[in-house]
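Data first, discussion second: the structure below is written as structure tokens.
The values are calculated or read from the model by the stated rules, or taken from the named source; none is laboratory data. Note that this is a predicted model, so its numbers are computed, not measured. Quick reminder, even Gly has a Cβ in these numbers, built from the backbone with ideal geometry, and neighbours come from all protein chains shown. SASA here: full protein model, heavy atoms, side chains in, ligands and nucleic acids out. Shrake-Rupley method; radii C 1.70, N 1.55, O 1.52, S 1.80 Å.
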Protein chains: 4
Amino acid sequence: MKNTIGNGVSFTLFGESHGPAVGGVLDGLSAGIPLDMQALDAFLEKRRPGKSPLATARKEQDRLCILSGVKDGFTTGTPLAFMLENTDARSKDYAAIPARPGHADWAARQKYAGFEDGRGGGHFSGRLTAPLTAAGGICLQILQAKGVSIGTHIHRLGACADTPFSQEPAELMGQLSALGRKTGLPVLSEEAGRQMEAAIAAAAKEGDSVGGVLETAVTGLIGGVGEPFFDTVEGVLAHLVFAIPGVKGVEFGLGFGFGQSRGSAANDALCIQNGSVYTATNNSGGINGGISNGMPVLLRAAYRPTPSIRKAQPTVDLDRMEPVTLELSGRHDPCILPRAAVVQTAACALGLLDLCTQRFGTLWQRPF
Amino acid sequence: MKNTIGNGVSFTLFGESHGPAVGGVLDGLSAGIPLDMQALDAFLEKRRPGKSPLATARKEQDRLCILSGVKDGFTTGTPLAFMLENTDARSKDYAAIPARPGHADWAARQKYAGFEDGRGGGHFSGRLTAPLTAAGGICLQILQAKGVSIGTHIHRLGACADTPFSQEPAELMGQLSALGRKTGLPVLSEEAGRQMEAAIAAAAKEGDSVGGVLETAVTGLIGGVGEPFFDTVEGVLAHLVFAIPGVKGVEFGLGFGFGQSRGSAANDALCIQNGSVYTATNNSGGINGGISNGMPVLLRAAYRPTPSIRKAQPTVDLDRMEPVTLELSGRHDPCILPRAAVVQTAACALGLLDLCTQRFGTLWQRPF
Amino acid sequence: MKNTIGNGVSFTLFGESHGPAVGGVLDGLSAGIPLDMQALDAFLEKRRPGKSPLATARKEQDRLCILSGVKDGFTTGTPLAFMLENTDARSKDYAAIPARPGHADWAARQKYAGFEDGRGGGHFSGRLTAPLTAAGGICLQILQAKGVSIGTHIHRLGACADTPFSQEPAELMGQLSALGRKTGLPVLSEEAGRQMEAAIAAAAKEGDSVGGVLETAVTGLIGGVGEPFFDTVEGVLAHLVFAIPGVKGVEFGLGFGFGQSRGSAANDALCIQNGSVYTATNNSGGINGGISNGMPVLLRAAYRPTPSIRKAQPTVDLDRMEPVTLELSGRHDPCILPRAAVVQTAACALGLLDLCTQRFGTLWQRPF
Amino acid sequence: MKNTIGNGVSFTLFGESHGPAVGGVLDGLSAGIPLDMQALDAFLEKRRPGKSPLATARKEQDRLCILSGVKDGFTTGTPLAFMLENTDARSKDYAAIPARPGHADWAARQKYAGFEDGRGGGHFSGRLTAPLTAAGGICLQILQAKGVSIGTHIHRLGACADTPFSQEPAELMGQLSALGRKTGLPVLSEEAGRQMEAAIAAAAKEGDSVGGVLETAVTGLIGGVGEPFFDTVEGVLAHLVFAIPGVKGVEFGLGFGFGQSRGSAANDALCIQNGSVYTATNNSGGINGGISNGMPVLLRAAYRPTPSIRKAQPTVDLDRMEPVTLELSGRHDPCILPRAAVVQTAACALGLLDLCTQRFGTLWQRPF
């Protein structure tokens, strides 16, 4: 349904980068859920631009304005609508820009016939991830009260690789915990973080950008969540994560590594200890048959380098239909991954709360 | 909605491997679409088991039985329901089997509390891809009449790699055409095909299985298709492809390759020729901002090796809750990719017809 | 989504009157629900044609064939698909019939352009209520195990009126109980039943048909069910009941009677007894603000007289586009209400189970 | 999906009466549709409170604030979000009010456990019809450009009856046209209007309220619209209209009048003139088999008297769980019908644009 997703919990997103506001409506929440607005603001802060020399200088306060569904700090059980006003939109930066390669400009022109709001990427701007992050942040608070933890780190950035998430649950929980306390780049290895910062700075200096891979882990998710045949955990999470601008690949567990493996090596042996079943490895990324199996969920998404680069690029002026060379100025992230990590966490939280709600009902969401 | 997917065209799937039948209901088709049942049977034949020494010996005739929605060879415009009876189910092969590593058995037990129909994998069996293939095969016929071609080849199987699909549209169309005429393994390179056959045979001999990657290409898709923010082409196709049992990763265009690229190399330069805009390369896989841009759509999916292997595996007997060693007999594919190729084509056809219908309406589907 | 309805529990319906089969897929049921197939058959028997001199002589065995989702008498938690084969279709009765006034023929021609399966009304036949009744009958069994009772009687048939359902819960439960034991016409007053039979016979004798009103009552439904703003109890039930062919009006509680009332008379005073809140009257029909309030739900639906009458009618031959006079032969119900009562009960059961599942989750459905 | 409705065009509604704002998100609109904001304001003005001695004195400017989806007066093709701030909310009027009979208070308490925002009716307030009216008003503009007209009059108010809409299309179009030019009560007969005003004044004087019936007519709707089995025109419109607070009955064409009719009298004879088919009468209200037949659509909805009355009423204090007598002060409409007429028109416009879009696609909405 286009800009609405989810069944048990559904989220409707709206906005354009340089319109009056971006926002969304989160529906299917129970009444009586306490919201920690301070924690939510801190969550949103992680994707806010304008706070690092490595990111776009666009300064948005990203003040979350709740329009409905919350009273005295608790959800009312009716739709939770919110918006973030666009305050630092510099539309003139985008006036008369020809179609930017790698961006949605040309595809959008074919779809919207010139009526699209192209300023700042319009509906295709990374700015649209702000409401997604807000909605997911609320979902995350509900899941956390149920013992679920979700965290995302930069798994790879250009040629630099971070320590991967562990397949071993206890070790993974330690990694997530450390990641939660981390300021700066969301990485597990300080050394990798320094290399990544250098790689971003190098690209920025050349007027270029770099891509990478973000890895998300989920611990504490009960087994039995997921609604195959179609609403598998993989399908629901991938559907959401592919909505994040720049994502071009999503994999779970071994993912594409399965393609070069043998069954005897890839199968996770089942074990039993004190009456509890678990798997010795977690190649499946916590999901079998589209259903959570009780082991940590592991998801990785590939992000393309930001298409907005200062380097000269051949392209087409769609209004005059003639070839031109584009040299972008304006404020652009040389690498989206540091800010996208929290967005990916949010997207996963939204998808998992939806699936849990389908199974356990709206009332289950309440912490008491 | 669990077993229903799609908005403009929706598909509801049902069945268990050893129940009376598998089938589905395809809704949202216009009246007056001619169906080529012979072509549909030939399409289904590509995933049918029992026809190769490299595949499971289960022999299903897979006779498609139309229950509604077709009269005198044309769609009536009401739901097209169909089923395929399960005729060669040998449930005794599955009696008292402990949880099979890598399969849905343990996750399903947690979800369905023992009431699941575990025989032959139940609802999680590869057999469920038969109705998905049938539905997608019908969608494909509708798209073909609109000039859209879709084909899938084995991009990689274990260590063997096929010639990849070309980023150049004309060359790609030639590859799709050759692939359509091909019997045997769906590959572009004969030599790669022979290596893959050898790899499958080697794994089978050892009682093991191999994974791989299937690549799908779509040509002739008009630009402007896709419904962001959430119903991006990537999100909708990935949601469907992840429903295919064994898929653990999906990527578009450069996909995970973007993670190691720079923007200046990854952006597809826009060009213009005779008033038509196109891109010099197709790293984006035909999609920008979640919308088709008129270039070919390129999707790759990673398949895990079939979990069913003859080799001994440590596991747990969930009824007695004690560790056991599993040595599977029965009929199993050492590699699912040869049969899964047509399933992936079908899933993509279903998703694209859904998106096209949302944009152009049900009536657009008619060939006249 | 056309032929699929429901969110927590969804139902997809298919079939044409003279096609191979009618049927449906019920999705969102928990695993582990025992199904009483004998009770389900008895429920279906109530709408089966061919068993009364007052009804169509078409003889359908209406043998419910379960295709998936049930094993050893319990639901498996995956889609419950079923069909009823069409065995006594006499298509020749319909060959070359001009558009029948009051039927869907002309509207369907405009929609389906002649490709519709017009035989026996096709997708618009009363026969399509068989799968709706089967699905609702399953839902009813689940609700009954939760203490919910649903029953329907003929409130009015032509000029004859039955005793209405009581606004007083205890009395109403007695009425539902008596109705459940009743054979013959579903009425509360024997005398009214005799008058109705006479009215039907009189219409039949004249080659005519009669309309009426069916009233459904629901007891034992917990307060707090319903998902406003849009998925009110009224909206969800009306959506389903209007799908029953022939229904042209739906009202709750006082319904259209509210139109001539004053607030002081129509408001249901709240009372309290032993810590329980209830209303002194039940003009609201158990629903306020679209949410159940714990009092019995009362719904009435108006049915048009069967459009198929033997009396001569002026109409148009749509193929030759010329005026003709239609004199129908064939087998037709002079009054649909006796058979429709169970369909209306089923439609309400389906809607209420959907809403309960949205609130309490799929797992709540289990009887243990 | 709770607060989201529609498939081709979907609408998500949010807000509480005394929260920061009410609003909604309209999704599925094509790019390039011109919006007449002045006409939209005039449309909204018709339901605005505070402008008549017969209506609540709450003064809301109801300034429609567009948040996204519109640029330079044209839709952009992305979600059209808007809000109306709540400026004249006097929450103290509602402080410590016991459950009001006939209102959602008690049902909401059972659903939301005391976390609901009860001030001014919260999510159940008539104020929520403002965003519904705004969304429907936009849909109406799109339909009007396609030749569709929709109008609503007070068919009955207490004991007073207006001239009914004609079953004859040409005469009906004249009535709709006159109604469009009308100021004051939306009625066809001046005399009936005066009687209604007197009836409202009389009820208001006694601290009471009156109910009634609103009748909507649609002309110019092409045949073939509607998506049975479930998404019939009746079902979709009823689902929407039942969301309007106070509606307890919906009927089409003869509606409940069918219940006392014979088929020979109720069937609409088909005629042909100059190659066009039409019906001599329009008892079916323009719909057969759930599909529009090309004749005008006729819908009537019954509204309960406003539950908020000044007269003393026995009720229960839900916090202290004890019986009390309620004497409401505050600002309340003695009759909601004058303001609800435009809401009902809007709800029908939303439903019909959704169904037309499913059939003809999003692109069809464009006026060129």
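Of the residues making up region B:278-291, just one is in a loop (DSSP other than H, G, I, E, B), of a type outside the set (S, T, N, Q) and surrounded by fewer than 24 Cβ atoms within 10 Å (Cβ to Cβ), namely B:280. For region B:111-139, taking the residues that are within 10 Å of chain A (Cβ to nearest Cβ) and under 15 Å from residue B:48 (Cβ atoms), the one that is surrounded by the most Cβ atoms within 10 Å (Cβ to Cβ) is identified as B:128. Annotation note: of D:26, D:44, the sole residue that is assigned to a strand (DSSP E or B) and in contact with a Gly (Cβ under 9 Å, 6 or more places away or on another chain) is D:26.
One residue alone among D:294, D:263, D:275 is open to solvent by 10 Å² or more (accessible area, probe 1.4 Å) and without any contact (Cβ under 8 Å) to a residue 12 or more places away in the chain, and that residue is D:275.
Scanning region A:293-322 for residues being farther than 13 Å from residue A:248 by Cα, assigned to a loop (DSSP other than H, G, I, E, B) and of a type in the set (S, T, N, Q) gives a total of 2. Within region A:240-250, which residues are open to solvent by less than 20 Å² (accessible area, probe 1.4 Å) and not small (Gly, Ala, Ser)? Within region A:240-250, A:240, A:241, A:242, A:244, A:247, A:248, A:250 meet the criteria.
Determine, yes or no, whether residue A:170 is in contact with a helix residue (DSSP H, G or I) (Cβ under 7 Å, 6 or more places away or on another chain), at pLDDT below 95 and over 22 Å from residue A:357 (Cβ atoms). Judged against the criteria, residue A:170 is not a match.
This table checks each residue for (1) among the polar types (S, T, N, Q); (2) modelled with pLDDT of 95 or more; (3) outside any helix (DSSP H, G or I).
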site	(1), (2), (3)
B:92	no, no, no
B:127	no, no, no
B:135	no, yes, no
B:141	yes, yes, no
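Do you know which residues across region B:225-259 are in a strand (DSSP E or B) and at the interface with another protein chain (Cβ under 7 Å from one of its Cβ atoms)? Passing the criteria: B:227, B:231, B:248, B:249, B:250, B:251, B:252. Within region D:320-344, residues that are open to solvent by 10 Å² or more (accessible area, probe 1.4 Å) have Cβ atoms under 8 Å from residues that are of a type in the set (Asp, Glu) in these pairs: D:323/D:317; D:324/D:317; D:329/D:93; D:330/D:93; D:331/D:93; D:334/D:208; D:339/D:333, counting only partners at least 6 apart in sequence or on another chain.
Filtered by the rule that a residue be at pLDDT 95 or above, open to solvent by less than 70 Å² (accessible area, probe 1.4 Å) and outside any loop (DSSP other than H, G, I, E, B), region A:180-194 gives A:192, A:193.
I'd like the full set of residues that are more than 23 Å from the chain's Cα centre (by Cα) and more than 7 Å from chain C (Cβ to nearest Cβ), limited to region D:285-317. If the condition is that a residue be more than 23 Å from the chain's Cα centre (by Cα) and more than 7 Å from chain C (Cβ to nearest Cβ), then D:310, D:312, D:317 are the ones that fit. The condition (being more than 18 Å from the chain's Cα centre (by Cα), modelled with pLDDT of 95 or more and buried (at least 17 other Cβ atoms within 10 Å of the Cβ)) is satisfied by just one residue among A:234, A:197: A:197. Answer yes if at least one residue in region B:238-248 is over 25 Å from residue A:234 (Cβ atoms) and not small (Gly, Ala, Ser), and no otherwise. For region B:238-248, residues over 25 Å from residue A:234 (Cβ atoms) and not small (Gly, Ala, Ser): absent. In this structure, is residue C:241 farther than 30 Å from residue D:309 by Cβ, within 24 Å of the chain's Cα centre (by Cα) and β-branched (Val, Ile, Thr)? The answer is yes for residue C:241.
In this structure, is residue B:153 in contact with a strand residue (DSSP E or B) (Cβ under 9 Å, 6 or more places away or on another chain), touching a residue at least 60 places away in the same chain (Cβ under 8 Å) and within 25 Å of residue A:286 (Cβ to Cβ)? No, not satisfied.
Checking D:108, D:99 one by one, the residue that is modelled with pLDDT of 90 or more, assigned to a helix (DSSP H, G or I) and facing chain C (nearest Cβ under 8 Å) is D:108 and no other.
Taking (1) in contact (Cβ under 8 Å) with a residue 24 or more places away in the chain; (2) surrounded by fewer than 24 Cβ atoms within 10 Å (Cβ to Cβ) in turn, residue C:358 satisfies each apart from (2). Looking at the structure I just gave you, is residue D:217 open to solvent by less than 10 Å² (accessible area, probe 1.4 Å), away from chain C (no Cβ under 14 Å) and either in contact with a helix residue (DSSP H, G or I) (Cβ under 8 Å, 6 or more places away or on another chain) or among the polar types (S, T, N, Q) (or both)? In short, yes.
Restricting region A:200-214 to residues that are at the interface with chain B (Cβ under 7 Å from one of its Cβ atoms) and in contact with a helix residue (DSSP H, G or I) (Cβ under 6 Å, 6 or more places away or on another chain), the residue that is farthest from residue A:354 (Cα to Cα) is A:208. Each residue in region B:16-46 was checked for being more than 8 Å from chain C (Cβ to nearest Cβ), surrounded by fewer than 20 Cβ atoms within 10 Å (Cβ to Cβ) and of a type in the set (Gly, Ala, Ser), and 2 of them qualify. Is it the case that region C:166-178 has a residue that's open to solvent by less than 30 Å² (accessible area, probe 1.4 Å) and either more than 26 Å from residue C:39 (Cα to Cα) or within 14 Å of chain D (Cβ to nearest Cβ) (or both)? Yes: one or more hits. Of all residues in region D:208-224, those satisfying the criterion of being assigned to a strand (DSSP E or B) and either within 20 Å of residue D:176 (Cα to Cα) or not aliphatic (A, V, I, L, M) (or both) are D:212, D:213, D:214, D:215, D:216, D:217, D:218, D:219.
Just one of the listed residues (A:256, A:229) is free of Cβ contacts under 8 Å to residues at least 24 places away in the same chain and in contact with a strand residue (DSSP E or B) (Cβ under 8 Å, 6 or more places away or on another chain), namely A:256. Scanning region B:143-165 for residues that are outside any strand (DSSP E or B), of a type outside the set (D, E, K, R) and open to solvent by 20 Å² or more (accessible area, probe 1.4 Å) yields a count of 6.
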